[in-house]
1. Within the set of other residues whose C-beta is less than 11 Å from the C-beta of residue B:525, count the net charge using Lys and Arg as +1 and Asp and Glu as -1.
2. Which entries of A:276/A:305; B:16/B:106; A:57/B:443; A:135/B:443; A:273/B:262; A:59/A:179 have Cα-Cα distances beyond 24 Å here?
3. How big a patch of accessible area, both sides summed and in Å² to the nearest 100, lies buried between B and A at a 1.4 Å probe?
4. Please report, to one decimal in angstroms, the Kirkwood hydrodynamic radius of segment B:11-218 built from all distinct Cα-Cα pairs.
5. Run the quick spin-label model on residue B:590 and residue A:232: label points 7 Å from Cα toward the beta carbon, then report their separation in nm to one decimal.
6. Given R₀ = 30 Å, what would the calculated FRET efficiency be for residue B:17 paired with residue B:126, taking r from the Cβ atoms and rounding to 0.05?
7. Given a 1.4 angstrom probe, I'd like the percentage of the accessible area of the protein assembly as shown that is carbon and sulfur, rounded to a whole number.
8. So which residues of segment B:404-441 lose at least 40 Å² of accessible area, probe 1.4 Å, when you go from the chain by itself to every protein chain present?
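The values are calculated or read from the model by the stated rules, or taken from the named source; none is laboratory data. Just so we're clear, the structure is a prediction, and the values are computed from it rather than from any experiment. Glycine gets a Cβ as well: all are built from the backbone with ideal geometry, and neighbour counts include every protein chain shown. Heavy atoms of the whole protein, side chains included, go into the accessibility calculation; ligands, DNA and RNA do not. Shrake-Rupley method; radii C 1.70, N 1.55, O 1.52, S 1.80 Å.
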Amino acid sequence: MSQTLTENPVVTINAPQPATGERPGLTRKEIVADHPTWCPGCGDFSVLALYFKLIEKRKLWHEKITTISGIGCSSRFPYFVQAHGAHFIHGRALPFASGVSLSRPDLHVFAFSGDGDAFSIGGNHFTHTARKNIKMTLVVMDNQVYGLTKKQTSPTSPLGFKSKTDIWGAVDYPINPAKQAIAVGASFVARTSASNPNHVLATMEAAMDHDGFSFVHCLSECVEFYEGAFDSANPRKGGVFNEVPKNHDVTDEMAAYKLASADFPGNFGVLYKVNKPTKNAKEAEINASFQSKFTGLKDWQILQKTFDKMK
Amino acid sequence: MSDTLTGAPTAGGAKKVSRINEVVIRIAGNSQDGIQAIGGFLARLAGRSEQEVMTFMTIPSTISGGPSIFQVRIGSGEVLTAGDDADVLLAFYQHSYEGHINSLKKKGIVLYDSDHVVPKPEWEGDYRHVGIPISSLTVEAIGGTAKDKGKNIYSLGLIAKMFDLNVPKLEKLLGERFTGKDPSILNNALAAFHAGYANSPSNLLETFQLADSQKHGVQQVVMNGNEAIGYGLIAAGVRFGAGYPITPWTDIMELLRRELPKYGGSFIQCEDEIASVSMALGASFAGRVSVTGSSGPGIALKTEAIGWAVMAEMPLVVINVQRGGPSTGMPTNIEQSDLNIAINGGHGDAPRVVLAPANVEDCFYMAIEAVNIARKYSTPVFFLTDQGIATRIEAFGQPDLEKVCQDITPDFTPVATHKPYDLAAKDGVTQHVKPGTRILDGKYPIATGLEHDEYGHPSGSPKVHMLQNAKRRKKLQALGATLPLPKIYGPSEGNVLLVGWGSTEGPIKEAVDRSRAAGDSVSAIHLRHVNPLPNGLENIFSGFNHVFVVEMNDEGLYGYGQLGAVLRARYCDPKIQGINKTDGLTWKVKEIIELVKNKARK
Ligand SMILES: Cc1ncc(C[n+]2csc(CCOP(=O)(O)OP(=O)(O)O)c2C)c(N)n1
Ligand code: SF4
Ligand SMILES: [Mg+2]
């Protein structure tokens, strides 16, 4: 299949089309790549397993999904998925993924990130990717600690968390990712927890189907450096997993913000979801209006017209 | 140069018409006076008349205006630089007059706005002073409110008269420039122009005529270096880019933002330079080589991601319009001090390609070359220009666009198997298959910044690291072997060989011409491929007693500029010496000649 990028690289389509015809969807075996290097018991295993399930369930093909990440334990993700992927630099997965999304409307772009990657070094990109509403799904596997670099304070570490950079307990106020996402204009904001597999799958699926920037804040425990961090959200550990109330209006920004402000562990599910034009669609619209003035002309002829004015 | 311009006016009041081969006009005022516009009109007129033209301008670093100049040199023969000294100075203010009279040749003409400038008696013997109340005459011509807006066009009329320029062509240019706007704007412009043209100052008894040019036979296009790069990238098939504004790079991103939609492409303004390079790399990864660019500090911000591009072997074009550094430095001045960051910037062993166009025409064609090298060798390519070439307007033969424009639409044909980092590949040259491509053996690659095996999966093996380092090195060595040796300007043996790179080609060539005319043995080469270098330069160097590397950067801790140090390291030849300066201005020909003389004497 040869896709012409010149024609209309910036076009919004809905979620990736499921495989049709004689080609069956992928089996789990076909999607699995390297054996994950995570510590046994790490919450990230569950997120990976559910990503595989999503691919199976929605019959996505290898070549149609692109898995992109920055740096961190969680960001090792692409190596474990048998599909085109990129392991980029710390904090910059979102702009990289934006480059893929804006130039390849035929792909679905998934970015996986950690709390440090997304909200500390990559904080500015989180803001701008969200406000531009670039079509992709970002899953942040939040363990409230720097895993890969072995237990430093992260921007989501709660006050008092004893890390190697705050041996007396964290003193900086943590950020609230869902509140931040709503405030900067993300059009889809959801919370889930790796300890609740069905909920993770349903949330990722809803995120994938959203036409815009979809942000999934996923609690994912680091058993090595912050064991028990999310027990209060896990009924099996004596906690509560409160879903977003049935009567919550996901298009009500103030209501969503309020829900997101609840004390930890808060509410899980889709907090906010609005449909507004994506940057992909807006750029495509700009292109269409320009290109309509040059219908039938080859690229060199369009450039010739410009050069004729420079004589 | 144009000796006739400095002759005395004829007695008796009859107007004398002198034939000249070229003229250098410097217009000095404030940036809001629209002096760039006059220069632009003159340059485009020259292009349409198949004359050679080169311009030089300074831009103030503050928005609210401030002193600014535009110098244009128009010639019937080859024009290599914007000229060391001017034949005519047009001065709008006292500060323009006093600040630029030194750049006027002795006996040159200073045309000044007598509403603002009081001439100094001590200068009246050295320069021919012609005072014209430009401001009040402009008001008279087009009315009070337009006062500051029209005096540039009024002055254009004066210059047109003085140099017997082609009025219909200028009127056409004015018409094109003010097209689509309120018709009264064009009418005002024409009124101001004709008022200036009709004014024949009583003390200017001479007009000049430029000799007919040697016809080129091809139509000329007129543009500056930044525009040439933008259009070169479009011709090369680039359809995606990302950037963040910074002078003097910004023009390129504005141009691409505006133009790419016509071709179905996009240029994205990002939140910072790190996002820009990352987004461009994402688009390159997605299938089609993309562009990012910046100047000064913005380049520094991109270095980590460029290191990723080296490691992941991702094609990318990085435009660096150099300016004075370090840090915010001299934002609107000219310097060639980013060669080190271009070749080595970032951590680790990270070989990449560095190209440096020598003139505006080169900016167009080398942008295409940069794209093709990036694609073929799957590598980031630095494209080094500078503030001088960015804003310099030149006329050059219109490219054959049908031939030059290329379609680089990616191919998504399924492949049986794929190793993006295949160690057995000839010369280490590999390419990525793009996302969207089916790989039939079911093994999909990862583009990665970790050291990796042939599929892109992490490897900590020392052996793999050495082999992949060698792969990344060997492919650039293979590129180096294909590069042509630069042509020697002047004889291939002699006393002094000048070596230049980037925007300094013009003044270096002119320095060679003038030195040789004075009996000195000087030749020059100009390097356009800076990393890797072409092979065999040592054979050129062996023909000379001295090899002087002429650069607009500091002589460094050990006495060599940035290219000088590279050549020293490669050739270990003590006759390689540096000729450097960092005054923020383009080389004057006479500066080079002086420094060469001093150095060769030692
Ligand atoms: C520019 C840069 N700075 C620092 C690092 C070191 N580093 C790697 S991962 C990381 C933090 C990871 O934390 P998080 O994003 O929460 O991911 P986790 O490992 O917890 O999944 C840091 C500081 C780096 N790779 N690059
Ligand atoms: S260190 Fe923590 S986050 Fe990293 S793999 Fe181990 S458990 Fe998971
Ligand atoms: Mg973390």
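1. Result for the neighbourhood of residue B:525: +2.
2. A:276/A:305; A:135/B:443; A:273/B:262; A:59/A:179
3. Buried: approximately 5600 Å² between A and B.
4. For segment B:11-218, the Kirkwood estimate is 17.3 Å.
5. With each label point 7 Å from Cα toward Cβ, the separation is 7.9 nm.
6. Working: r = 25 Å, r/R0 = 0.82.
Here the calculated transfer efficiency is 0.75.
7. For the protein assembly as shown, the apolar C and S fraction of the accessible surface comes to 53 percent.
8. B:409, B:412, B:435, B:436, B:438
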